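Structure first, then comments.
The values are calculated or read from the model by the stated rules, or taken from the named source; none is laboratory data. Since the structure is predicted, the reported quantities are computational estimates derived from the model, not experimental observations. Virtual Cβ from ideal backbone geometry, glycine too; neighbours counted across all protein chains shown.
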Amino acid sequence: MNVAYLLVNSAGKYPDRTAIISEEKHFSYKAFNQRVNRLAHAMKQHGLKKGDRVAMMFFNTYQFAEVYFAAVKSGAVATPVNFRFVADEIEYIMNHCEACFFFFGKEFEETIESTYDKLSEIKYFVCVDAQKNGFAHDYENFLSSGKSKEPEVDAGENDPCQIMYTSGTTGKPKGAVITHGNILWNLYNTISGREDQSGEISLIIGPMYHTAGLNNHFTIQVALGGTCILIKKFEPETVLRYIEEKKANIISGSPSMYNILLQHRKLNDFDTSSITKCTSGAAILPVEIKEKLLNIFPKANGVYDVYGCTEASPTITILNGKDSFRKHGSVGQAVRFLQAKVIDEDGNATPPNQIGELICKGPNVMQEYYKDCKATKEVIKNGWLYTGDLATIDDEGYFYIVDRKKDMISSGGENIYPRELEEVLFGHPAISDVAVVGIPDDAWGESVKAFVVLQKGMNMDKQDVIEYCKKHLASYKKPKAVSFVESIPKNPSGKVLKRLLKEL
């Protein structure tokens, strides 16, 4: 079995059901599948072979969906590119993965053209609404040259399906090689843990160049014959309008996205009662935000908290909606077909509630990092994926992420976990967003610094923040320094870029 089967199966069962809504365009499963087939045949006619890399750089649009499944149906390896990358970063990714096709949106044509001469491996550039006599083929003309019949898919579960480049929060991005089998097992795990149903209408807001957006939010809906509303750019009013007009059932996002949505001045002007499932991932979801979400989505049975990483395709644990308050702070239990545990520095499983590193093992764990044996051996040991996340596990098998191992602050011999402080500070009514990092300290090695974003119209000073922390935490954990900022830097998946904060 392979990922291409998911679309073929749904197109056969639900040909007239709406598969894709992308801005003003609607595609049935039959129409979407036929366009994918045409594109797959067009690439093969231009020399695409099994195992070749096909790069794509789009916002969340129907063209992304078409290129992805066309690559899969061709036996190629889909390689999504972060649409926020600049020319030098694009050059690195393209030359590292050795892509031979590069599809992209017209918004990126100028940037890609500026690095055109350095992308020596690419044979064909294909752009949406490409300029005449430009360096790229026009997308629609290229697609229309292919046949609409089903191509023969020469791909099995052990064959690579994706190279998903990590966010690159430190150093150069690494390309996680994810197989067809990895994605299918992730599909089984996530559908089971989130209790997904056939034929739902889902907002695809997170970028699809990320494993959560592509494998969890988009591909699951295709597999279940659901409708995917592709959100090109996150704008709160656009999301609210789609919920009301299209009667969307599922919304997924990061805490920062939900925070922005909940603060929108027109929030109460829209009917959001169609939402029956709300999922969160990428970072801590404060209990205050959970409560507000369930107020605007009254039919949602709690909030599903999904924890994972690119290297696990991505799902590792899921907190069921009904447990979202009973087990607040937890990311849930390990998904059905995956082993997970917390280990100490000697590799032994920790007792309940003791901090260690979370590791996991299962058929959704990536094959390797592309062309990087050293990095692969550092994170996969005896089949176990070392996540780099510090966690605890309770008596019922529920995991709690404490922090990133590299973000832990060591001050005067005490270990301080930024996430704990962030959870406390999120509880202050004047604080909209916060991030905590360790900074060099001559006396203590490191000390705590908090970067705080205030709610509009609210005021606090440094001492207010420190005193609030002292009320809720041991004194040694309180921040010594506080900076008030307009926003916290984050990558597109919603993870805080603490490296940038430390540089400040």
Query raised in the report: Only one of A19, A130 is of a type in the set (A, V, I, L, M), modelled with pLDDT under 95 and not in a helix (DSSP H, G or I); which?
Result: A130
Query raised in the report: Does D269 satisfy the criteria of being more than 20 Å from R419 (Cα to Cα), in contact with a Phe, Trp or Tyr (Cβ under 9 Å, 6 or more places away or on another chain) and not small (G, A, S)?
Result: no
Query raised in the report: For V331, all conditions in the list (1) under 25 Å from L214 (Cα atoms); (2) free of Cβ contacts under 8 Å to residues at least 40 places away in the same chain; (3) touching an Asp or Glu at 6+ places or on another chain (Cβ under 6 Å) hold save one; what is the number of the exception?
Result: (2)
**Report entry** Listing of strands (runs of 3 or more DSSP E) fully contained in the range 23-119 that carry 2 or more residues being surrounded by fewer than 24 Cβ atoms within 10 Å (Cβ to Cβ) and β-branched (V, I, T)
**Finding:** none
Report summary line: Restricting the range 136-157 to residues that are within 29 Å of the chain's Cα centre (by Cα) and touching a residue at least 60 places away in the same chain (Cβ under 8 Å), the one nearest to D117 (Cα to Cα) turns out to be Y139
Report summary line: Considering residues that are of a type in the set (G, A, S) and more than 27 Å from V379 (Cα to Cα), the number found within the range 262-314 is 4
Query - Number of the condition not met by N259 [criteria: (1) without any contact (Cβ under 8 Å) to a residue 40 or more places away in the chain; (2) farther than 19 Å from I318 by Cβ] - result: (1)
Query raised in the report: Is at least one residue of the range 401-413 among the acidic types (D, E), outside any strand (DSSP E or B) and more than 16 Å from C469 (Cα to Cα)?
Result: yes
Report summary line: Among (1) more than 28 Å from T317 (Cα to Cα); (2) at pLDDT 90 or above; (3) assigned to a loop (DSSP other than H, G, I, E, B), D395 falls short only on (1)
Query raised in the report: Taking the range 445-488 on its own, how many of its residues are assigned to a loop (DSSP other than H, G, I, E, B) and either exposed (fewer than 15 other Cβ atoms within 10 Å of the Cβ) or not hydrophobic (A, V, I, L, M, F, W, C) (or both)?
Result: 12
Query raised in the report: Looking at the range 171-193, is at least one residue over 28 Å from V303 (Cα atoms), without any contact (Cβ under 8 Å) to a residue 24 or more places away in the chain and not hydroxyl-bearing (S, T, Y)?
Result: yes
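Here's the yes/no breakdown for (1) modelled with pLDDT under 95; (2) in contact with a His (Cβ under 7 Å, 6 or more places away or on another chain); (3) within 23 Å of Y188 (Cβ to Cβ); (4) of a type outside the set (A, V, I, L, M, F, W, C):
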site	(1), (2), (3), (4)
M257	yes, no, no, no
I260	yes, no, no, no
I275	no, no, no, no
T279	no, no, yes, yes
A282	yes, no, yes, no
F297	no, no, no, no
N301	yes, no, yes, yes
K322	yes, no, yes, yes
Q333	no, no, yes, yes
Query raised in the report: For the range 272-292, what are the residues that are surrounded by 23 or more Cβ atoms within 10 Å (Cβ to Cβ) and either assigned to a helix (DSSP H, G or I) or more than 21 Å from the chain's Cα centre (by Cα) (or both)?
Result: none
Query raised in the report: From the residues in the range 262-271 that are in a loop (DSSP other than H, G, I, E, B) and either in contact with a strand residue (DSSP E or B) (Cβ under 9 Å, 6 or more places away or on another chain) or not charged (D, E, K, R) (or both), which one is modelled with the lowest pLDDT?
Result: Q263
**Report entry** For G146: the one exception among (1) touching a Lys or Arg at 6+ places or on another chain (Cβ under 6 Å); (2) at pLDDT below 95
**Finding:** (2)
Report task. Report the residue count in the range 408-442 for those that are over 18 Å from H472 (Cα atoms), crowded, with 20+ Cβ neighbours inside 10 Å and in contact with a Lys or Arg (Cβ under 7 Å, 6 or more places away or on another chain). Result -> 1
